[in-house]
Amino acid sequence: MENKQSSSPASFVDSTVVPGDVVLDLSSMTNQTIKLGGGLRQDCDAISATKAGTLRFSKPNKYWIESSQKRYVPCVEDTILGIVVDSKADNFLIDIKGPAMGFLPVLAFEGGTRRNIPKFEVGTLLYLRVVKANFGMNPELSCTDASGKAAEFGPLKDGYMFETSTGLSRKLLSSPACPVLEALGKKLSFEIAVGLNGRVWVNAASPDTIVVVANAIMNSECLSGAQQIIMLYDLMDSLVVVLLRETKK
Amino acid sequence: MEGRLANSWRLTVNDKNFIKTALLSEIRIDGRKPFEYRKISIKFGREDGSSEVQLGQTRVMGMVTAQLVQPYRDRPKEGILSIFTEFSPMADPSFEPGRPGELAVELGRIIDRGLRESRAVDTESLCILASKFVWAIRIDLHILDNGGNLVDAANIAALAALLTFRRPECSLGGEDGQEVIVHPPEIREPLPLTVHHLPIAISFGFFSNESILVIDPTHNEEAVMGGRMTTTVNANGDICAIQKSGGEGVPQRVIMQCLQLATSKAASITKQIKDAVEVVNTERALRKVKRHPTSTGVDVREKQN
């Protein structure tokens with residue numbers, strides 16, 4: 001079977017591909033730098049898919065394959081939520097819902113030196129960035145952004161963490177904002193951190209709010225935008241109770 | 001070692017604290033009230049005696065089978081009832097295949113005690129020929145998904161399977177009446193088991209601060225709670241069994257409160273099981289009507305003009 005490399009890249013974007021499909025032909029695109037995200041592999045001039053899912057493109061030049069799973073496959077520059085499992089001399093072992101433990105070097109913090117290594121107890125929730133993610137190796141993580149600043153990374157205090165699929169966590173982070181988050185944000189005030197590995201952390205002043213937000217997000221997994229709003233109207237009764245309680249305080 | 005660490009489920013410090021603080025305001029993480037049960041859905045398989053129960057995210061499958069065996073020597077006129085539990089590794093990362101662990105044995109024991117000690121299943125009617133042949137009823141419980149509170153779900157699965165199970169009819173024959181002839185289901189209609197009442201297991205979780213009590217704990221709550229108690233009661237208000245294995249101590253009035261709660265919940269769950277079983281039985285009876293070969297198939301063809 002001949003490899004059909006004559007298909008234009010635009011035809012594959014936003015359509016379902018399976019592993020082995022050649023989605024891009026570099027010989028027809030000269031003088032362009034293309035960034036490849038998760039699920040794509042380069043073989044000389046052909047970019048082929050290694051994962052089943054939808055091919056996505058974002059301006060100016062990023063392509064990736066999107067699919068929703070419960071398990072997370074680490075990808076460089078993803079922001080994730082990890083749980084501390086163990087601490088060794090050089091690294092913290094972090095559980096990131098992937099096939100292998102992540103390693104967080106003890107110095108990967110803003111202003112981190114051998115003298116001020118943070119002490120995390122087992123079970124601490126951290127907001128992290130993936131630095132290296134190679135197949136077969138433990139992914140390397142960091143609590144700083146690319147320029148070395150802390151930038152909101154690090155341990156998360158209080159609140160409640162729940163697990164979702166990777167597809168839902170990507171939807172929550174997309175812009176324009178996901179309908180569930182927008183509708184919830186109009187009525188309630190809460191703080192939320194979304195990890196691309198399928199973990200979401202919510203914090204609010206009262207436990208009612210946290211429970212309502214968590215359940216709303218978990219229920220919105222399979223619903224379209226309009227259905228999400230309808231689902232929230234059903235939750236409105238409990239929201240009214242929550243609002244009354246919040247105004248009484 | 002690392003591979004095993006990578007695959008186990010963990011609870012963060014934040015979650016543990018949040019579950020406890022939320023319970024102080026009587027809120028549970030899935031939005032239930034402390035004394036509210038999750039939604040129970042009972043489904044049945046094609047065969048008699050197979051059921052699948054879903055309690056929230058927990059799923060248990062029950063299978064009842066029967067075999068003719070020799071009775072125990074000290075009980076020559078009674079049938080045998082045995083319960084086997086299988087904790088499938090797909091239910092929870094901590095379940096290992098092979099020998100049943102402590103949790104599996106405890107679960108089997110609670111359900112066994114509920115059925116046997118309260119004489120819910122009439123074992124004397126299972127005797128065909130005293131000291132020679134009795135029916136041995138075997139209940140297999142497969143845990144498919146662990147979302148918390150496996151005991152209650154497994155108990156309901158066992159009861160639903162027992163109520164829909166049919167054993168073949170048999171009669172004595174042979175020269176001296178000592179042979180047992182088992183009739184196949186097509187010749188003689190199989191018989192249901194005699195179940196006098198339905199013992200329902202209701203589990204409670206205790207939390208350390210100010211003896212907070214919840215009914216039907218989920219997976220997260222089970223990891224955080226200080227103690228658990230399972231009470232097996234029936235709709236008539238009889239207490240069939242109580243199990244409290246370790247954990248922190250609770251005062252007597254809390255136990256009495258639990259028993260009262262359990263009795264009221266047991267009535268509604270019993271009704272739910274009976275309704276589901278009745279639907280299945282009428283459906284099966286209708287299906288059996290069509291099996292009778294009294295009407296032959298007639299080929300109706302359109303007349304072509």
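Within the range A:205-222, which residues are more than 9 Å from every other protein chain (Cβ to nearest Cβ), free of Cβ contacts under 8 Å to residues at least 40 places away in the same chain and over 19 Å from the mean Cα position of the chain (by Cα)?
A:Thr209
Which numbered condition trips up A:Leu168, out of (1) part of a helix (DSSP H, G or I); (2) buried (at least 22 other Cβ atoms within 10 Å of the Cβ); (3) in contact (Cβ under 8 Å) with a residue 60 or more places away in the chain?
Exception for A:Leu168: condition (2).
Can you pull out every residue in the range A:161-196 that is within 14 Å of chain B (Cβ to nearest Cβ) and over 17 Å from the mean Cα position of the chain (by Cα)?
A:Phe190
Could you please give the count of residues in the range B:24-47 that are closer than 24 Å to B:Leu213 by Cα and more than 10 Å from every other protein chain (Cβ to nearest Cβ)? It would help to see each step written out before you state the result.
Residues of the range B:24-47 closer than 24 Å to B:Leu213 by Cα: B:24-40.
Next, only the ones that are more than 10 Å from every other protein chain (Cβ to nearest Cβ) stay: B:33-40.
Adding up the residues that qualify gives 8.
Can you pull out the residues in the range A:198-232 that are in a loop (DSSP other than H, G, I, E, B) and under 23 Å from B:Ile19 (Cα atoms)? Please lay out each step first, then the result.
Pass one, the range A:198-232, residues in a loop (DSSP other than H, G, I, E, B): A:198, A:204-206, A:223-224.
Matches in the range A:198-232: A:Gly198, A:Ala204, A:Ala205, A:Ser206.
Within the group A:Ala100, A:Ala89, which residue is assigned to a loop (DSSP other than H, G, I, E, B) and either buried (at least 18 other Cβ atoms within 10 Å of the Cβ) or within 14 Å of chain B (Cβ to nearest Cβ) (or both)?
Working: A:Ala89 fails: either buried (at least 18 other Cβ atoms within 10 Å of the Cβ) or within 14 Å of chain B (Cβ to nearest Cβ) (or both).
One residue alone meets the criteria, A:Ala100.
Looking only at strands (runs of 3 or more DSSP E) that lie completely in the range B:174-259, which have at least 1 residues being more than 25 Å from the chain's Cα centre (by Cα)? First the steps, then the outcome.
Numbers: elements: B:179-182, B:200-207, B:212-215, B:227-233, B:239-243.
Fully inside the range B:174-259 and qualifying: B:179-182, B:200-207, B:212-215.
Being within 14 Å of chain A (Cβ to nearest Cβ), farther than 30 Å from B:Asn281 by Cα and modelled with pLDDT under 90, is that true of even one residue in the range B:99-112?
Looking only at the range B:99-112, we keep the residues that are within 14 Å of chain A (Cβ to nearest Cβ), and these are none.
The answer is no, given that none of the residues of the range B:99-112 is within 14 Å of chain A (Cβ to nearest Cβ), farther than 30 Å from B:Asn281 by Cα and modelled with pLDDT under 90.
Under 9 Å between Cβ atoms, at least 6 apart or on separate chains: pull out the pairs that start in the range A:45-63 with a residue that is within 24 Å of A:Asn31 (Cβ to Cβ) and end on any residue that is of a type in the set (Lys, Arg) and part of a loop (DSSP other than H, G, I, E, B).
Hits for this filter: zero, empty list.
Where residues in the range A:139-152 are in a loop (DSSP other than H, G, I, E, B) and touching a Lys or Arg at 6+ places or on another chain (Cβ under 7 Å), which of them is farthest from the other protein chains (Cβ to nearest Cβ)?
If we take residues in the range A:139-152 being in a loop (DSSP other than H, G, I, E, B) and touching a Lys or Arg at 6+ places or on another chain (Cβ under 7 Å), then A:Asp145 is farthest from the other protein chains (Cβ to nearest Cβ).
Identify, by number, the condition in (1) at positive phi; (2) without any contact (Cβ under 8 Å) to a residue 60 or more places away in the chain; (3) in contact with a helix residue (DSSP H, G or I) (Cβ under 6 Å, 6 or more places away or on another chain) that B:Gly174 doesn't meet.
(3)
Give the residues of the range A:103-138 that are at negative phi, part of a loop (DSSP other than H, G, I, E, B) and within 11 Å of chain B (Cβ to nearest Cβ), sorted by residue number.
As a first pass, look at the range A:103-138 and keep what is at negative phi: A:103-110, A:112-122, A:124-135, A:137-138.
Among the residues that remain, those that are also part of a loop (DSSP other than H, G, I, E, B) are: A:106-110, A:112-122, A:124, A:133-135, A:137-138.
Those that are at negative phi, part of a loop (DSSP other than H, G, I, E, B) and within 11 Å of chain B (Cβ to nearest Cβ): A:Phe120, A:Glu121, A:Val122, A:Thr124, A:Asn138.
The values are calculated or read from the model by the stated rules, or taken from the named source; none is laboratory data. This one's a predicted model, so the numbers in the text were calculated from it and none came from an experiment. All Cβ positions, glycine included, derive from the backbone under ideal geometry; neighbour counts span all protein chains shown.
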